[in-house]
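Colleague: Handing you a structure now.
No value in this document is a laboratory result; all are computed from the given coordinates. Model, not experiment: these values are computed from the prediction. Reconstructed Cβ throughout: ideal geometry from the backbone, glycine too, with neighbour counts over all protein chains shown.
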Amino acid sequence: MVPEPVQAPGFEIDAGLALQGAREFGGLVEFKGRCTFCHGIGALAAGWAPDLRDSQIVLSATAFANVVRRRSRVNRGMPGFPDLTDS
Ligand code: HEC
């Protein structure tokens, strides 16, 4: 099944922040990064971690920070990265 990308009407992409995020995610701009290992290059999940292209979590900055920075899913295999910033 091919995921349906989430829709976020009104959301405007900041090109600089997008590049910064791509670097942290990994695989798109340069090979190193923290997320591709589990979530796949370009967020095309390869299997065991969720495919983030259709994750509703990314629509809420608070929910996203809880998962990615505050380790709310650590007991389910999502490590958490407290050193990342909101940017
Ligand atoms: C060691 C493997 C691993 C790494 C590295 C990893 N994740 Fe995850 N991630 C997971 C797993 C497993 C889950 C599913 C947790 C669950 O079942 O709730 C998950 C869940 C998520 C979710 C929630 C998805 C949803 O809709 O429920 C987001 C968002 C996310 N990860 C973002 C990231 C980001 C951003 C990075 C890099 C900064 C990252 N992850 C790195 C394994 C990983």
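Colleague: Rg and Dmax of the chain, using alpha carbons, in Å: what are they?
Modeller: Taking only Cα atoms of the chain, I get Rg and Dmax of 12.7, 34 Å.
Colleague: Given q = 0.14, 0.26, 0.33 Å⁻¹, what are the Debye log10 I(q)/I(0) values for segment 21-69, with equal point scatterers placed on the Cα positions and solvent ignored?
Modeller: One equal scatterer on each Cα of segment 21-69 leads to -0.33, -1.02, -1.18.
Colleague: I would also like to ask the following. Test of understanding: given the chain, find the longest segment containing no chymotrypsin sites (Phe, Trp or Tyr not before Pro) that are in a DSSP loop and have at most 13 other Cβ atoms within 10 Å.
Modeller: On the way: sites that count: PHE11, PHE31, TRP48.
Excluding the exposed sites themselves, the longest stretch runs over 49-87.
Colleague: Rounded to the nearest 500, what is the chain's calculated 222 nm mean residue ellipticity when only DSSP H runs of at least 4 contribute -39500 (n - 2.57) each, over all residues?
Modeller: On the way: 3 runs with 23 residues, N = 87.
Helices in the chain give a 222 nm mean residue ellipticity of -7000 deg cm²/dmol.
Colleague: So which trypsin sites (Lys or Arg not before Pro) in segment 53-82 end up in coil per DSSP with only 15 or fewer other C-beta atoms within 10 Å?
Modeller: Values: sites: ARG53, ARG69, ARG70, ARG71, ARG73, ARG76; in loops: ARG69, ARG70, ARG71, ARG73.
Qualifying residues, ordered by number: ARG69, ARG70, ARG71, ARG73.
Colleague: Next up: Write out the GluC sites (Glu not before Pro) in the chain meeting two conditions: DSSP loop, and at most 10 other Cβ atoms within 10 Å of their Cβ. Walk me through the numbers on the way to the answer.
Modeller: Values: sites: GLU12, GLU24, GLU30; in loops: GLU12, GLU30.
Answer by residue number: GLU12, GLU30.
Colleague: Another question about this same structure. What is the sum of charges, Lys and Arg at +1 and Asp and Glu at -1, for the other residues whose Cβ falls under 14 Å from the Cβ of PRO79?
Modeller: On the way: positive: ARG34, ARG69, ARG70, ARG71, ARG73, ARG76; negative: GLU24, ASP83.
Result for the neighbourhood of PRO79: +4.
Colleague: How would you rank ASP51, ASP83, ASP14, going from fewest to most other Cβ atoms within 10 Å of each one's own Cβ? Could you put the intermediate results ahead of the total?
Modeller: Values: ASP51 16, ASP83 7, ASP14 10.
Final ranking by Cβ density, sparse to dense: ASP83, ASP14, ASP51.
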